[in-house]
Structures are given as structure tokens and as C-alpha cells.
1. How long is the gain from residue 136 to residue 256 if the chain were fully straight, where each residue apart is worth 0.36 nm and the alpha carbon distance is subtracted?
2. Summarise the accessible area of segment 83-233 (1.4 Å probe, protein heavy atoms) by the percent that is carbon and sulfur.
3. Could I have the simple spin-label model distance between residue 270 and residue 85, label points 7 Å from Cα toward Cβ, reported in nm to one decimal?
4. What does the accessible area per residue of segment 108-225 come to in Å², with a 1.4 Å probe and no ligands, DNA or RNA counted?
5. For segment 194-249, what does the alpha-carbon gyration tensor say about shape, rounded, prolate or oblate, given a ≥ b ≥ c as the root eigenvalues, a/c under 1.5 as rounded, and a/b over b/c as prolate?
6. So, R0 is 45 Å and r is the distance between the beta-carbons of residue 310 and residue 143; what FRET efficiency does that work out to, to 0.05?
7. If ligands, DNA and RNA are left out, what is the accessible area of residue 207 with a 1.4 Å probe, given in Å² to the nearest 10?
8. Please get the size of the charge dipole for segment 175-294, origin at its Cα centre, with Cβ charges of +1 on Lys and Arg and -1 on Asp and Glu, quoted in debye to the nearest 20.
Amino acid sequence: MPEWAGRGGRQRRAFVVGGALLGVAVVMLVAAWRSTGFLSDLLLNLGASVVLAAISYVIFDPLFEEARKARVQEHLSFDQQAFVARLNRSGRRVRILDTWTILLEQRHREETLTAIRAALGNGAQVQLLLLDPDCTAAQQRSEELERQRVDVPRQIRTNLRHLAAFSDALDSRLRQRLQVRLYDASPSIQLYQWDGRALISFFPIGKLSFNVPQLEVDMDSPWGGFVHARFEELWEHEQATLNLERYWSVVVTLRHDDSDVVEVRVPYVTVDGQHYVDCRGFRVTGPLTVRAMLPPRAPGASPAVFALAEPADGDHTPADAVKRHFDQKYGHEDGDRAIYRLVPPPGHSRTPAPRSAAAGDTHGR
């Protein structure tokens, strides 16, 4: 990790370099005092010059640095290869804020994931913030890109599927430095940050944000401070963000005759406001009910009790459409899924369960 990081680090560097020059100047002046003749005059002049150089460095280096940070470089489009190369060298922080990222499309995926692994190995914290594929903003962005024939929710789900597999393949030391969250808000800024530099752009109507000019900025500049604040606002917003684990699966408590039996983590999708779970991991027999916290975006909510209903032809959402959502989210499976819809059990008031029984407190995928 670089020793001189941020504005304070650069100021310390200026003082250290200036101090070193002053030290050299003192040595020269002491030597001039002890010498005589031409050597004394030479050392005296050199020492005085070094003193002036040290003072000038301490005064002007911060000014030049501020001017450099304020400079904005414009690129005609997003250069995937250049950013991946910068990822490999990153050692402090990598941040991506986007709807979905083309870096995880097939032609770039292997290089990108290798670069992310390298950044994690260098000690970098890698944070990805992508748009929630189930939110209204994702569908609106698809409508904006209708002429491009881009299915934004599908693109995001594909990204998340590969990120989930990549995270599972990491060892625990690297996995704790990788964080993926989803945001539910109108996309406004695209950010690709490596250490103290970043590429930023905005979302044009009818165009992919990768094909519009990109501004390369210093994160200590006003531009950098603006996008940093936007990223932090979304990242820390509990009601607007959802981490990858809670998106990928949900913990349900199996119940029989109002008694808890076991907790299991199952795949799930939400379609047209209805929640569906894949129960292949256990057999559904008898009057079985489950307790789950859905939607999982509300971390402070209590789980509710549901019955399991098999999708039927008369449902508002056809069973084939629900299966397609599972395939988009988790990929095509060789075996058959056991898909059930969560519905209020007959005669049950769906009163919240005690907080101690909250299924969302367990970990694992």
C-alpha cells in the first residue's frame, strides 16, 4: 500500500523532502565554515542554493499538486482494457457504481475477475454497487435503451451470478475485502475508481454510458468529492441497498404444527410482487409452513409466516415466467426446481415472530 495516500500524505512528503534538502544544506554550510579558500566559497554558495530550493519546494509543491488534481482528462469512451490494467496495480481501494458493468460480460469477464483478485491480493478494498434488477429504475432504464435492445434487469442478474460464483471461490482472507451491494434509486452517476483516480460519467437517454465521454478525475478534487459523496450516500442507505448475500438467497424457518423444525437457506425470486422459493433442498409434506423475512431489503423487519403453494395455471404470473426468472438469476440447472409461492396460510394472521427467531441472522449461502 502506498505510504503517501491522500492530501495529508502529500503534505508530509513535501515536508520530509524539504527537511532532507535543508539537512543537506546545513552539512554544506558547516563544511564551508570549516574550509578555506575556493572550496569554502563553493560550499557556501551551494548550501545557500539548496536552502532556497528546499523552501521553494515546501511552498510550491502543494500548489502544483492542487493544480494537478483540478485538471480533468476527458476520454471519448470507457476503455475496458486500460481500467483492467489499473485494477491489477490497485492496492488501496476499488469502487464501481453502475447499473451493470460490461467488465463482467463474456469477452472481458476472465481478465476482470483476475484483476479483481490481484487487487484483493494487494490489500485493496473492492466495492461494487449495482442497480437492483427488481427495482422500478432497472425497468425504466431498459425502456430508455429500447432501441439498443438491452434488457437491463437480465444484464444485472448475469453480473450478480458471476460475482456470487467468484466470491464463493475466494478464500476467506480475500472474500472479506470484496463487497457487493445493490441500490434501489434512479441511476445518475457512473463511477470506476482505482486508488486515488476515477472515471466518471452520466447516464444519457437512449445511449449506453460506456459509449459516452468519460472524465478522469482525482478523488481529492471537487469532482472526486462529489461522486464519493454520492457513492457513500447509496452505500450506507439501509432502505436503498441490499447486499449480495441477501439478494442471492433467503433463510426460511420450516414449521410443522406451529413448531419450528429447521432453518434452511433457499434461492428465491420476486415476480409481480409475489415471492417464490426453490424448495429442492427439502421435501414439502403435510401442513408445512415457513417463516421468512421478505422482502429481504428491510433489515429491521420481522419475519412473517407463509404457506407454500405450487404455481398454478390460473395464477396472475404463469409458472413458466417464474421459472425464467429463476433461470436468469441462478442460471439454467440440469435438475428440476421445486418452486413454491409464499402465501398467507389459511386462518393465519401473519403476526410477526419474535426477534430472536429472525431467520436473517444466519450466514452462509
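The values are calculated or read from the model by the stated rules, or taken from the named source; none is laboratory data. In this text the structure is predicted, and so the values were computed from the model without any measurement. All Cβ positions, even for glycine, are placed from backbone atoms using ideal geometry, and neighbour counts span all protein chains on display. Accessible surface is based on the protein model in full, side chains and every heavy atom, while ligands, DNA and RNA are left aside. Shrake-Rupley method; radii C 1.70, N 1.55, O 1.52, S 1.80 Å.
1. Gain in length upon complete extension: 39.5 nm.
2. Using a 1.4 Å probe with all protein chains present, segment 83-233 comes out at 45 percent carbon and sulfur.
3. Taking the simple label geometry, residue 270 and residue 85 are separated by 4.2 nm.
4. Here the per-residue accessible area is 42 Å².
5. It comes out oblate by the Cα gyration axes.
6. 0.85
7. Surface open to solvent at residue 207 totals about 120 Å².
8. 440
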